[in-house]
1. Please give the per residue volume of the convex hull enclosing the alpha carbon atoms of region 248-333, rounded to a whole number of Å³.
2. Starting from the Kirkwood Rh over alpha-carbon pairs, what translational D in µm² s⁻¹ does region 140-238 have by Stokes-Einstein at 25 °C and 0.890 mPa s?
3. For region 159-332, with only Lys/Arg (+1) and Asp/Glu (-1) charged at the beta-carbon, what is the dipole magnitude about the Cα centre, in debye rounded to 20?
4. Quick check: the angle from helix 285-300's long axis to the longest principal axis of the chain, C-alpha only, nearest 10 degrees?
5. What angle do you read, to the nearest 10 degrees and between 0 and 90, between the alpha-carbon axis of helix 224-236 and the longest principal axis of the chain?
6. Compute the distance from the alpha-carbon center of region 292-345 to that of region 134-211, in whole Å.
7. For the charge dipole of the chain, defined by +1 on Lys and Arg C-beta atoms and -1 on Asp and Glu C-beta atoms about the Cα centroid, which residue among Ala135, His30, Ala19 has the Cα displaced farthest towards the positive pole?
8. Please give the length that would be gained between His264 and Ala225 if that part of the chain were fully extended, namely 0.36 nm times their separation in residues minus their C-alpha to C-alpha distance (nm, one decimal).
Amino acid sequence: MSELEIVEVGPADDAPIAAWAQVVAASLHHELGEHATPWAAEELAVVVREPDRLRRDSFLLGMLDGEPVAAGWLAVRLLDNLDGAQLDVHVLPAHRRRGLGSQVLDRLEELAAAEGRTRLDARAQWPYDGPADGAGTAGMAFAARRGYEFGIGEVQRELPLPAPDDRLAALAADAAPHHAAYRIVSWTGPIPDDLVAGWLAVSSTLMTEAPAGEATREDESADVAAYRTAEALQAGQGRRPWHTVALDAAGEVVGYTQLMVPDHEPVFVHQWGTLVRRDHRGHRLGLALKVANLRALQAGLDTDGRRVVTWNAEVNGPMIAVNEAMGFVATARSAELQKIVAPRP
């Protein structure tokens with residue numbers, strides 16, 4: 001096994017920040033080609049340098065003979081999921097199968113243990129034409145050796161932009177009679193003060209409302225002040241949000257969707273959460289929200305050459321049906337992985 005020097009990327013370290021981003025990008029593109037969606041170095045730099053009240057991130061860079069060859073990431077939530085941690089490991093393709101990834105993962109797991117985290121979440125990704133369970137893929141094999149178990153399979157789908165507005169208009173018109181009692185509102189930028197608490201009341205349950213398979217999850221915090229800090233951090237990263245909500249007769253948020261446009265990435269638009277509250281489902285609000293938000297995006301931004309990218313659990317039939325009706329096509333697969341460890345004595 002080659003001996004790796006592992007250093008933590010700090011806020012003053014311009015070169016290591018860029019090197020970390022380059023290692024992760026090379027690793028993901030090796031696995032997924034043009035469908036890989038790594039962080040831009042400019043986005044990463046803001047996360048490294050700016051404190052977030054919702055999450056603390058640690059970034060490790062693995063050096064071999066002075067050259068960056070591996071990268072690790074650890075994220076711990078600060079207001080919720082206090083037993084959990086999210087981990088990620090990448091090694092340059094030319095340096096794999098030498099034990100380098102294991103050394104990075106060892107350090108990440110040590111950091112998680114020092115934080116008192118016993119529920120470790122990770123992800124493996126592979127091309128869409130691979131097996132649904134990832135059997136035989138490099139990432140899944142590595143995870144299994146380290147005790148990470150398959151939680152649920154997901155599929156990445158992409159939609160080339162601009163999507164034909166006549167198709168979107170037809171979908172909106174078809175759904176409209178089913179949600180006549182609701183108001184659909186779209187905007188870009190921060191969430192208005194009169195909607196933010198309702199938005200968070202719904203969005204904070206996304207992780208437990210979405211299919212999880214064998215993985216354990218908890219709701220996230222609905223703390224407004226902490227969310228405003230995260231919004232400011234996203235703005236500093238050059239990420240522009242587009243939001244749409246469904247409001248009931250009382251003006252309460254009962255469903256939402258969000259698209260995120262990264263200034264430093266010219267190809268992708270990221271479809272983040274979409275969720276309708278359980279007691280308001282059955283009115284085609286999920287479709288109405290996503291179509292309205294995409295139409296607002298295309299009306300307010302030049303989207304030529306971009307693609308919307310989204311991930312859905314393979315068992316989430318209703319949301320997959322919405323995406324396929326809009327024109328999304330499957331491009332990659334992943335698995336959510338989880339490992340439960342004993343707490344430190």
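Just so it is clear, none of the values below were taken in a lab; they were calculated from the coordinates. On a predicted model such as this, the values are computed, not experimentally measured, just so you know. Quick reminder, even Gly has a Cβ in these numbers, built from the backbone with ideal geometry, and neighbours come from all protein chains shown.
1. 116 Å³
2. Using the Kirkwood radius from Cα pairs, D works out to 137 µm²/s.
3. Value, rounded to 20: 300 debye.
4. In the chain, helix 285-300 runs at an angle near 80 degrees to the longest axis.
5. Taking the Cα atoms of the chain, the angle to 224-236 is about 70 degrees.
6. Computed from Cα coordinates, the inter-centre distance equals 6 Å.
7. Ala135
8. Values: separation 39, 0.36 × 39 = 14.04 nm, distance 2.66 nm.
Full extension from His264 to Ala225 adds 11.4 nm.
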